[in-house]
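The numbers here are math on the coordinates, done by the rules we state, and not lab data. This structure is a prediction, so every number in the text was calculated from the model and none was measured. In this analysis, Cβ positions are derived from the backbone assuming ideal geometry, glycine residues included, and neighbour counts consider all displayed protein chains.
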Amino acid sequence: MTDGSGRLTPRTYRLLAAALAVGGGLLVLLVATRLFPYHSLNHDEGVYLQQAAMLLDGRVFLRPPVAEAYRPWFFVETPDGALYSKYAPVPAVMFAVGELLGGYRLALAGIAAANLALTYTLVAGVFDRRRGLLAAVFLLTSPLFLIESSVFLPYAPTTLLNLAFAVAYFHARRTGSPRAAAVAGLAVGMAFFARPYTAVLFATPFIVHALWTLRGLDRAVVARQAATAALGLVGVGVALGYNALTTGDPLVFPYEAFAPRDGLGFGHREILAYSRQYTPELALRVNGRVLAILFGEWVAAGPVGTLLAAVGVAGLLRRLYRDRSADPRRLVLAGLFVSVAVGNVYFWGNLNVLGDLGQANDGLVANLGPYYHFDLLVPTAAFAAHGAVTGGERVRATLAARVPGAARRRRIGVAVAVLCLLAFAVPAATALADPVERNAEVTETYRSAYAPVDGIEDGSLVFLPTPYGDWMNHPFQALRNDPDFDGDVVYALRERQFDVVDAHPGRTLYRYTYRGTWAPTAGQTVRPRIQPVDHVAGERVVLDLRLGVPPGVERVSIRLESEEGQAYYVTNGTPTLATPSLVVGDGRARLRGVTAVDGNATVPVDDRDELRVTAFADYGAGNGFSYRLELPTATEGDRTRALTPYVEVCRRALRCGGEAAYVPETARDGVVVEHDLRATNATVSADRDPALTAASTGS
């Protein structure tokens, strides 16, 4: 499909661009499903997916049945206990469209395809179709594009809106179309709603261009630019209205309500318990490092793609210097390098993605790239394409002038093209291989950690641990609740556990635990366990324990703690199995089968309590390990309730309370924890309430 001179026709270019966009979308879908089946290290993914599910359910706010047990990561609590996301809903709306079509990840494929198609359209209009098609190829082969487009983060969706704005803006400029001017305004307004600062940085060169076009006071030009500006301000108004709905103040964005010092500017910056002094000097150092990483590792072919883009920009500047005949549209695209790079200096998030500044490949940037600079991929691809085509044209002209014979020129041209392709393909593959490998290693740790959860049957309630604080989906993004908290499986934190159980009667109870350190970036895999949980009730609750005493243990000392007191016990001798029984009733708790040290054999129990039994197996000189059991209890008049205890085997005190769960198959010889939980004179039977049983057995 060529014209008479052997060149591709416009229709052929469009078909090739469409095929590239579709293929790119399918590639992103493959990466999303294979490389990120449990999502990435950036836990914001879970925030956007939770928000998308809410929007599909017609909700802006979550209203959990037990607030403390169901607070998702990066959600803000209102005075009346409702929860809303700290992020604007625009990316979530786009993800929700994918779910309506059959799955959230379909949205990722569609967004990627749209970005590729819009990049072709933009660059083809500003340069030509060859450069437009090649720019789309450069964009697709950029590791930052492929990785970020495959995760549920807002950068690719916002770039889609920014590109739609740019394409419509230039189309309106070229054709005088008021409709295109209106589309440009709507697109930039939605981009502002999605990510205000990102939209402003992208729009800045266009705003400069728009002001320049008004110098002649042409009525048609003024009308078009006014239409774009007015509809853009509609988006700003919608964003401010959303602020008023969520935070109660149109000028306070949700992210500010979550962390007032987590915004733009220098000085003291803070989010949750993390804070830094973000000085201008540190900002310049950080952003220089981020740009070096971007252009060295995350654009197409790394330094080779960067060199091509530099050649393209240099050619534009040289022409501007010589005769000032440079296309203003190309200057606008080049202006993005300035606005995005300089504007990000003012944002401390670029410090956070780097992690430890003194350590290479640390922080989220190692796995997900410098995503705050995602918009720079488009001008980089555009000018890399321009540099590549311009270079090719000069090689062709040189061959025509110095090499006789068409056949010989053709052979030399093919050889040069192959060498250039290899020079691009090798660094491109290397640049992409590193983040893929790092993310694949993280996914393997996730696969192991989630394995027991995958087999949970519908109608279950699972209590989750909190490696990073009392948040849902941080880190367990794949374990999200439906907006009504009544999905096939419900997940909850270990807060107000009896209230949670009461809010979901009839569900089968489990507790997810693990042994080891939750550190996916370090390649550490935890040993997970799904522990069935029983709920018993009666006048008294009895927990019979069987604790292994390995050879060499000289004594076993036991501490019983409640919120109101503690008591100490020792075993009689060192049998191979210690068998104390914890009895809870009448507002007191005590251990039987062991000897109280100071005569104080009981401790008071609160209405809601978590009794802790710690048995230290002492090898002498303070060396040993501890069994640690936490028994949730509830006292209601003459009725006591209890849940199966959480069990740990602790070799280090600091690991207790989250990283030392007892996993039978990993325990060393002689280390055994078995328990029977039962209620005496049960007031409620399993027949009357499936959530309650008279007795249970576990280990």
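Placing a label point 7 Å from the Cα of residue 7 along the Cα-to-Cβ direction, the residues of the stretch 126-143 whose backbone N falls under 19 Å from that point are 126-136. Sparsely packed loop sites in the stretch 459-497 (the chymotrypsin sites (Phe, Trp or Tyr not before Pro) outside DSSP H, G, I, E and B with at most 16 other Cβ atoms within 10 Å) comprise 468.
Pairwise Cα separations in the stretch 61-167 fall into 10 Å bins from 0 onward with the following percentages, short to long: 14, 33, 27, 15, 8, 2. When +1 charges are put on Lys and Arg Cβ atoms and -1 charges on Asp and Glu Cβ atoms, the dipole computed for the stretch 452-564 relative to its Cα centre reaches about 700 debye. The antiparallel fraction among DSSP beta bridges confined to the chain stands at about 90%.
FRET efficiency for the residue 597 to residue 19 pair, using the beta carbon distance and R₀ = 51 Å, is estimated at 0.05.
Which value, in debye to the nearest 20, describes the size of the charge dipole of the chain about its Cα centre when Lys and Arg Cβ atoms bear +1, Asp and Glu Cβ atoms bear -1, and nothing else is charged? List each step's numbers first, then the result.
Values: 65 positive and 63 negative charges, 1015 e Å.
Computed charge dipole of the chain: roughly 4880 debye.
Among 303-311, 262-270, 512-520, the peptide with the highest mean count of other Cβ atoms within 10 Å heads the list, and the full ranking is 303-311, 512-520, 262-270. A crude spin-label estimate for the pair residue 282 and residue 517, with each label 7 Å from Cα along the Cβ direction, gives 2.5 nm.
The modelled label-to-label distance between residue 429 and residue 623, using points 7 Å beyond Cα along the C-beta direction, is 5.3 nm.
Taking the beta-carbon count within 10 Å as an exposure proxy, list 293, 147 from fewest neighbours to most. Don't jump to the answer; show the numbers that get you there.
On the way: 293 20, 147 26.
Listing 293, 147 from fewest to most nearby Cβ atoms yields 293, 147.
Counting only DSSP beta bridges with both residues in the stretch 458-529, the antiparallel share comes to about 25 percent. Of the listed values [x] 26.0, 80; [y] 31.9, 99; [z] 31.3, 108, identify the label whose number matches Rg and Dmax of the Cα atoms in Å calculated from this model. Answer by label: [z].
For the peptides 167-180, 372-385, 271-284, residues were scored by their other Cβ atoms within 10 Å and the scores averaged per peptide; the highest-first order is 372-385, 167-180, 271-284.
What percent antiparallel are the DSSP beta bridges of the stretch 399-542, to the nearest 5?
Working: 7 of 16 bridges.
Rounded to the nearest five, the antiparallel share is 45 percent.
Scaled to the globular estimate 2.2 N^0.38 Å, the Cα spread of the stretch 155-258, given as radius of gyration, is 1.12. Coupling constants for the stretch 375-387 follow from the phi torsions by the Karplus curve (6.51 cos²θ - 1.76 cosθ + 1.60, θ = phi - 60°), and in residue order they are 5, 6, 5, 5, x, 4, 5, 4, 7, 5, 5, 4, x Hz; glycine and proline get x.
By how many nm would the segment from residue 667 to residue 410 lengthen if fully extended, with 0.36 nm per residue of separation less the alpha-carbon distance? Intermediate results must be reported in sequence, preceding the final value.
On the way: separation 257, 0.36 × 257 = 92.52 nm, distance 7.04 nm.
Gain on stretching residue 667 to residue 410: 85.5 nm.
Working from Cα positions, state the angle (0 to 90°, nearest 10) between the long axis of helix 10-34 and the longest principal axis of the chain. For helix 10-34, the angle is close to 10 degrees. Placing unit charges on the Cβ atoms of the charged side chains and taking the dipole of the chain about its Cα centre, the candidate lying farthest along the positive direction among 466, 365, 85 is 365.
Take the Cα gyration tensor of the stretch 536-698, multiply each eigenvalue by 5, square-root it, and list the three semi-axes largest first, rounded to whole angstrom. Could the numbers behind the result be given before it?
On the way: eigenvalues 147, 61, 37 Å².
Values for the stretch 536-698, descending: 27, 17, 14 Å.
Extending 7 Å from the Cα toward the beta-carbon at both residue 606 and residue 527 defines two label points whose distance is 3.3 nm. Any idea what angle helix 44-56 forms with the longest principal axis of the chain, computed on alpha-carbon atoms, 0 to 90 degrees, nearest 10? On a 0 to 90 degree scale, this one is about 90.
For the stretch 155-258, a simple Cβ point-charge model (Lys and Arg +1, Asp and Glu -1, everything else neutral) yields a dipole of about 500 debye relative to the Cα centre.
Here the 3J(HN,Hα) profile of the stretch 226-241, calculated from phi with Karplus coefficients 6.51, -1.76 and 1.60 at θ = phi - 60°, is 5, 5, 4, 5, 5, 6, x, 5, 4, x, 4, x, 4, 4, 5, x Hz, Gly and Pro shown as x.
Note that the stretch 458-529 shows a convex hull volume over its alpha carbon atoms of 96 Å³ per residue. Phi-derived couplings, Karplus 6.51 cos²θ - 1.76 cosθ + 1.60 at θ = phi - 60°, listed residue by residue for the stretch 264-269: 7, x, 9, x, 6, 10 Hz, with x used for Gly and Pro. Taking the chain as a whole, the Cys residues whose C-beta sits 4.7 Å or farther from every other Cys C-beta are 420.
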